[in-house]
Every structure is written in C-alpha cells, then in structure tokens.
Amino acid sequence: MPDKPAIAFLGLGHMGGPMAVNLVNAGYAVAGFDVVAAAVEDARAHGVPASASAVEAVFGADVVLTMFPSGRHVLDAYQGTDGGPGLLAAAAPGTMFLDCSTIDVEDAREAARLAVEAGHRSVDAPVSGGVVGAEAGTLTFMVGGDAPDFDAVRPLLEVMGKRVVHCGAHGAGQSAKICNNLILGASMIAVSEAFVLGEKLGLSHQALFDVASAASGQCWALTTNCPVPGPVPTSPANRDYQPGFAGALMAKDLGLAVNALRSTGVAARVGPLAAEIYDTFAAEGGAGRDFSAIITDIRDKSGRQDQPGNAAPPGNQAAGVTREAAQHAAHQAAQDDGSPE
C-alpha cells in the first residue's frame, strides 16, 4: 500500500465528516460519499472532495473506509443491493477495507470473510472519543485484523487518533469496543443512582464527588462525564446534557453487548439490565441527550427531592420531548459511531 494511499471515505456524518477532514488536511487523497446530501455538502465545505456515489468513490481507492450505522449497512454496501454493484466488486483487487463502524462482532467477522474471499484485505477499527475526538484527531481505535494489515493501516489511523490498539484477529476490535461500552453504560447507571441516593440522604453533589473521585468509586463516568453539573465543568451535565455520546448510541452498543453475551453463554445480569434501562431511556426522550442524562430518568422515577446546592436539570418528560421526536433523534444519533473514551 502506498505511503499515502487514496481513500474512499463512506459515511460523512458527525463522526465520519471530521475524520475525513483530518485525512485531507494530512495530505491524503480522499473521495467522500454519504447517502445524506447535507453531510456531503458539509464535508465538501470543509475540503473533502465528494463523489456522486459510493461505487464511484471506490474507483482508484487503495483503502475503502466505512463509517455506517449498523452491520446490515456494512454487509449490504459490500455485497450490493437491488441488483446494484457492491463495493467489493467495484474495488480493485487487494483493496484494504477498513470498517470504523460499531457493529455486531459476527457481522464484522462476516464482512471480513466476504472481503478476503473477494480478494481484498480487511480490518475492523471501531472508534472511541466522540465528536470532539473526531474533530481534534484524538480518537482511540480498537483494531481487529491480521498483523500485516494492522501495520498497513496504522499510519492512517494515527492521523485521526492518538491511540491505536491492535486487539487481535478479525472482529476483535468490535469485541473490545462493546466490552468497553458495557463497562461504561453500567458504571454510568451506578454513578447516577449514587448521586440520586446522595440527594435523598442530604449529600451535596460536590461532597459526594470529592469522596468518590478519590476513593474506590472512582471511574471515568464520575471523573470525566460526571452526570451532575458542577464538579466537572466540562461534562455534558453543565450544558443541559447535549451529547457527547447520545443515549441512542449507548442503547445500541449495549444491545450489541447483549447479543454477544447471549451468543457466548455468559451468565450476565448487569449488562442486560443496563441495556433495558437505556432502551427505555432512549424511547422516552433520552435518545438525543447525552447518555449521562440517565440520571434525570432515575431522579424522575425516584420522586424528585432536590437538596440545596443540587440544582437538578429537567427530566426527560419535563423536557417536552415526544416519543416521535425521540425516535427521530435515535435515528439521527445512530449515524454516529464514536463513543467517549
């Protein structure tokens, strides 16, 4: 593969768009495409050349980078739908297929199998870091694939991220991503429940944070993405839970984790319950809010009892979000695949 391979970048949403911009700024030849015209225009306005179709973008590409909402989208794009040519057929022999979507592990392994059988190379590399990380080029990539292929794509990934980890064979990147987000989703629920309990017991948010952040309760959900305003000024709680990492995406990732738990026979109880909690949260108005806004749902269902110094933001229903609006927000959020680090 050339030192600066030509890249077809497919999927120019809130995550993919800035990633493509960073590649262009680093001197890579990029041909972008997205089924959403507004995403294409926004990317074009930031210097990303656009193609008329995904297949057109693939012609002449050394790397086909995909950033799609689901495994079904990846597999359909690879194979083609409605009689149209797929990306695997359109690409030149030996093309590197680099999928940065967050999808089911089995779908990732199937995508790799199809690519290799078609005479190509394949790597799965889901990302962590959110939109802020995509814009700043500080994402973390969890990579699955053969060692030589990992070595080939690493320079490209390092343009878009600050940490690139080879996790193992095909599908291992997705495995690492869903395991990480299982921890994240469950820990955010626990942290949120603890803050609501603290409110009921008369603790201020700052007092609980000062203790837990320096004790055995310390975790990323507390010290970086704290679900209450005040203790961590940069957390989404201080800007009315604007994501960040949307509740719809956490629900999606926990669903992928539950699929993996069931398929492997893990005797899990916390993971499936966390998935159920986030599914309900997304459906009832939290889809487009940061996943840390789960605290508002817990508080609402607990009966609000705010304490002095604990200014509680509006809950999901108080925010006036209809179920239809929540479903639309979930669809929009599902176009992004980055989660926080």
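The values are calculated or read from the model by the stated rules, or taken from the named source; none is laboratory data. Predicted model only: the values in this text are computed from it and were never measured. Note that we place each Cβ from the backbone using ideal geometry, even for glycine, and neighbour counts take in every protein chain shown. In case anyone asks, the SASA skips ligands and DNA or RNA and just uses the protein heavy atoms, side chains included. Shrake-Rupley method; radii C 1.70, N 1.55, O 1.52, S 1.80 Å.
A few notes on this one:
- Within segment 112-217, chymotrypsin sites (Phe, Trp or Tyr not before Pro) in DSSP loop having at most 13 other beta-carbon neighbours inside 10 Å: none
- Helix-only [θ]222 nm of the chain, DSSP H runs n ≥ 4, -39500 (n - 2.57) each, per residue, nearest 500: -14500 deg cm²/dmol
- Relative contact order, percent, the chain [alpha-carbon distance under 8 Å, six or more residues apart]: 15
- Local electrostatic count at Val123 - Lys and Arg +1, Asp and Glu -1, tallied over other residues with Cβ under 9 Å: -3
- Segment 1-39 residues near the modelled His46 label - backbone nitrogen below 12 Å, point 7 Å along Cα→Cβ: 12-25, 39
- Take segment 1-143 with all the other protein chains still there, run a 1.4 Å probe, and you get 38 Å² of accessible area per residue.
- Against the chain, whose longest principal axis is taken from its Cα atoms, helix 172-201 shows a tilt of about 10°.
- Pairs of lysine residues in the chain - Cα separation under 19 Å, sequence separation of 8 or more or cross-chain: 4
- In nm, spacing of pseudo-spin labels at Ala136 and Val116 (7 Å Cα→C-beta vector): 3.7
- Once the Cβ-Cβ distance of Ala267 and Ser53 is raised to the sixth power relative to R0 = 45 Å, the FRET efficiency obtained is 0.45.
- Three-way shape label, segment 109-193, alpha-carbon gyration tensor, a/c 1.5: oblate
- Helix 247-264 axis, angle to the chain major axis (alpha carbon atoms, nearest 10°): 70
- Percent carbon-and-sulfur accessible area, segment 180-263, ignoring ligands, DNA and RNA, probe 1.4 Å: 59
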